[in-house]
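Single-structure report; data block below.
The values are calculated or read from the model by the stated rules, or taken from the named source; none is laboratory data. These numbers come from a predicted model, not from an experiment. Note that each Cβ is placed from the backbone with ideal geometry, even for glycine, and that neighbours are counted across all protein chains shown.
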Amino acid sequence: MPLASLFCLVVAISDGDTLTARCGAPGAYHQVKVRIAAIDAPESRQAFGQKSRQNLARLCFKQRAALQPVDEDSYGRTVANVRCGGADVATAQVRAGLAWVYTPYAAAHPHLAPLQRQARSGGAGLWSQRRPLAPWDYRHRHSQH
């Protein structure tokens, strides 16, 4: 997998931490399904799932994005650091209280944990709920049925 930065156009937003980008030269585009590194957004059916998706769309949809691939996940998606309009998307989503810091990748993104603490203490986004449910717990619960 190429680790060079890709400059792409965001053509679809799946949820608050996944988007589809069209990368490459005109006439030789390829689509890349991208999972934003270091964050986990609420699932679509969870509280704040739609808000998280809308915020990512506001940041990135039909915008040019710089992708810095770091990994590939078990679904074959490219895990990448993503910047849209010069803004780091993971930072924006965590700061707005619309995504959790995803622990397995958190060490490489030390700036995110303090932003999450700030969002949490300020009751931003999903932190306005009394007992927000982490998306990984939500998925685990809902995969049992």
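The residues in region 96-126 that are crowded, with 18+ Cβ neighbours inside 10 Å, at pLDDT 95 or above and outside any strand (DSSP E or B) can be counted, and the count is 10. Name the single residue, out of those in region 72-101 being basic (Lys, Arg) and farther than 21 Å from TYR138 by Cα, that is farthest from the chain's Cα centre (by Cα). Within region 72-101, the match that is farthest from the chain's Cα centre (by Cα) is ARG95.
Is it fair to say THR18 is closer than 22 Å to HIS142 by Cβ and at pLDDT below 95? For THR18, the condition - closer than 22 Å to HIS142 by Cβ and at pLDDT below 95 - is not met. In region 100-107, the count of residues that are in contact with a Pro (Cβ under 7 Å, 6 or more places away or on another chain) and aromatic (Phe, Trp, Tyr) is one or more. ASP40 fulfils the conditions (1) surrounded by fewer than 19 Cβ atoms within 10 Å (Cβ to Cβ); (2) in contact with a strand residue (DSSP E or B) (Cβ under 7 Å, 6 or more places away or on another chain); (3) not hydrophobic (A, V, I, L, M, F, W, C) except for a single criterion, (1). Exactly one residue out of GLN31, GLN46, GLN93, GLN63 is surrounded by 19 or more Cβ atoms within 10 Å (Cβ to Cβ) and in contact with a strand residue (DSSP E or B) (Cβ under 7 Å, 6 or more places away or on another chain): that is GLN93.
For region 95-145, what are the residues that are farther than 17 Å from ASP17 by Cα and of a type in the set (D, E, K, R)? If the condition is that a residue be farther than 17 Å from ASP17 by Cα and of a type in the set (D, E, K, R), then ARG117, ARG120, ARG130, ARG131, ARG141 are the ones that fit. Considered as a group, the residues in region 1-22 that are of a type in the set (A, V, I, L, M, F, W, C) and crowded, with 18+ Cβ neighbours inside 10 Å include one that is nearest to PRO69 (Cα to Cα), and that residue is LEU6.
Taking each residue of region 114-137 that is at positive phi and looking for partners that are surrounded by 14 or more Cβ atoms within 10 Å (Cβ to Cβ) and of a type in the set (Phe, Trp, Tyr) with beta-carbon atoms closer than 6 Å, six or more apart or interchain, yields GLY125/PHE48. If you go through region 55-63 one residue at a time, do you hit one that is touching a residue at least 60 places away in the same chain (Cβ under 8 Å) and within 14 Å of the chain's Cα centre (by Cα)? No, because not a single residue in region 55-63 is touching a residue at least 60 places away in the same chain (Cβ under 8 Å) and within 14 Å of the chain's Cα centre (by Cα).
Number of residues in region 75-90 that are part of a helix (DSSP H, G or I) and either of a type in the set (Val, Ile, Thr) or surrounded by fewer than 19 Cβ atoms within 10 Å (Cβ to Cβ) (or both): the value is 1. Would a scan of region 40-54 turn up a residue that is of a type in the set (Ser, Thr, Tyr) and under 13 Å from SER14 (Cβ atoms)? Taking every residue of region 40-54 in turn, at least one turns out to be of a type in the set (Ser, Thr, Tyr) and under 13 Å from SER14 (Cβ atoms).
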